[in-house]
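Taking it in order: structure first as structure tokens, then the write-up.
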Amino acid sequence: MKLSKRGEYALRALIDLGIAAELGRPILQVSELAVKEKLPIKFLEQIFTQLKASGFVVSKRGKDGGYSLARPMNRIKFGSVIRLIDGPLAPIPCVSQTAYSRCTCPDEDHCGLRMLMLDVRTAIIKILDRYTLADIVEITLRKMRRDKVSPPFISRAFNLDSVLTSLPVSSANSPKRSNERRTRAA
């Protein structure tokens, strides 16, 4: 398996859509993504056409239009996206589950190379079919918070400090503090 530039850009675009959605921007324009990823808009539009046809993204027309995720992030597996864009995950055709093709060796059942590549294919599948877009978005945002890096596509309505801190912890504590103050005041 070799991840093509098209496959790499498709995954990066999905991660960008996921990050934006987590930060309150569920729709992004292709031009924004193209600028961030330094890609030609036409190339990115072709990728989105393929992602849309397979149900990974949806589009909205108009001034406030763009692309958004078509399904929850925890239901988008990286292996599925790579198979869509680049085909089988197997490094050689004779070990592919979806696109098997007999290899050139005379004894496929006893081919050491095939046995090795079968293990490689299995390892690749285990990793790429385990990780979801939600996992990678969470890991990316956690590292950005740790390194105090401003996430892309952040809405102007957000305060950078509130984005960089752990949102679930601070939002979970806020109501308690305000309720405690009201109780003390009464």
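The values are calculated or read from the model by the stated rules, or taken from the named source; none is laboratory data. Note that the structure is predicted; figures quoted are calculated from it, not measured. Cβ sites come from the backbone with ideal geometry, for glycine too, and all protein chains shown count toward neighbours. Side chains are part of the model used for accessible areas, which takes the heavy atoms of the whole protein and leaves out ligands, DNA and RNA. Shrake-Rupley method; radii C 1.70, N 1.55, O 1.52, S 1.80 Å.
Please report the spacing between the Cα centers of the range 116-138 and the range 1-38 in Å, no decimals.
20
Tell me which residues come under 5 Å, amide H to amide H, from I76 once H is placed; ignore anything under 5 positions away on its chain.
L133, A134
Given the Cα-Cα distance of K143 and K126 and 0.36 nm per residue of separation, how much length would full extension add, in nm? It would help to have the intermediate numbers written out before the result.
Details: separation 17, 0.36 × 17 = 6.12 nm, distance 2.38 nm.
In short, 3.7 nm is gained.
Figure the gain on full extension for E37 and L3 (residue separation times 0.36 nm, minus the Cα-Cα span) and round it to one decimal in nm.
Details: separation 34, 0.36 × 34 = 12.24 nm, distance 1.68 nm.
That pair, E37 and L3, stretches by 10.6 nm at full extension.
For the range 16-114, what is the relative contact order in percent, using Cα pairs closer than 8 Å and at least 6 residues apart in sequence?
On the way: 85 pairs, mean separation 17.6, N = 99.
Averaging sequence separation for qualifying contacts and normalising by length gives 18 percent for the range 16-114.
Shape verdict for the range 1-75, please, from the Cα gyration tensor: rounded (a/c under 1.5), prolate (a/b greater than b/c) or oblate. Numbers along the way, then the final one.
Values: a/c = 1.45, a/b = 1.20, b/c = 1.21.
Rounded, because the longest to shortest axis ratio a/c is under 1.5.
Can you tell me how much longer the chain between A70 and Y100 gets when fully stretched, taken as 0.36 nm per residue apart minus their C-alpha distance, in nm with one decimal? Please report the intermediate quantities before stating the final value.
Values: separation 30, 0.36 × 30 = 10.80 nm, distance 3.07 nm.
That works out to 7.7 nm of additional length.
How much of the accessible area of the range 47-125, in percent, comes from carbon and sulfur atoms when a 1.4 Å probe is used? Intermediate results must be reported in sequence, preceding the final value.
Working: 2490 of 4590 Å².
Ligands and nucleic acids excluded, carbon and sulfur give 54 percent.
Hey, which of these cross-link pairs are over 24 Å Cα-Cα: K52/K77; K5/K38; K38/K143; K60/K143; K52/K148? Don't jump to the answer; show the numbers that get you there.
Working: K52/K77 15 Å; K5/K38 13 Å; K38/K143 22 Å; K60/K143 31 Å; K52/K148 33 Å.
Among K52/K77; K5/K38; K38/K143; K60/K143; K52/K148, the Cα-Cα distance tops 24 Å for K60/K143; K52/K148.
Are there any trypsin sites (Lys or Arg not before Pro) in the range 36-135 that are in a DSSP loop and have at most 15 other Cβ atoms within 10 Å? List them by number. The partial results should precede the final answer.
Numbers: sites: K36, K38, K42, K52, K60, R61, K63, R75, K77, R83, R102, R114, R121, K126, R130; in loops: K38, R61, K63, R102, R130.
Sparse-neighbourhood loop trypsin sites (Lys or Arg not before Pro): K38, R61, K63, R102, R130.
If I take R0 = 41 Å and measure r between the Cβ atoms of E108 and R12 in this structure, what FRET efficiency does the formula 1/(1 + (r/R0)^6) give, to the nearest 0.05? Please report the intermediate quantities before stating the final value.
Values: r = 37 Å, r/R0 = 0.90.
FRET efficiency, E108 to R12: 0.65.
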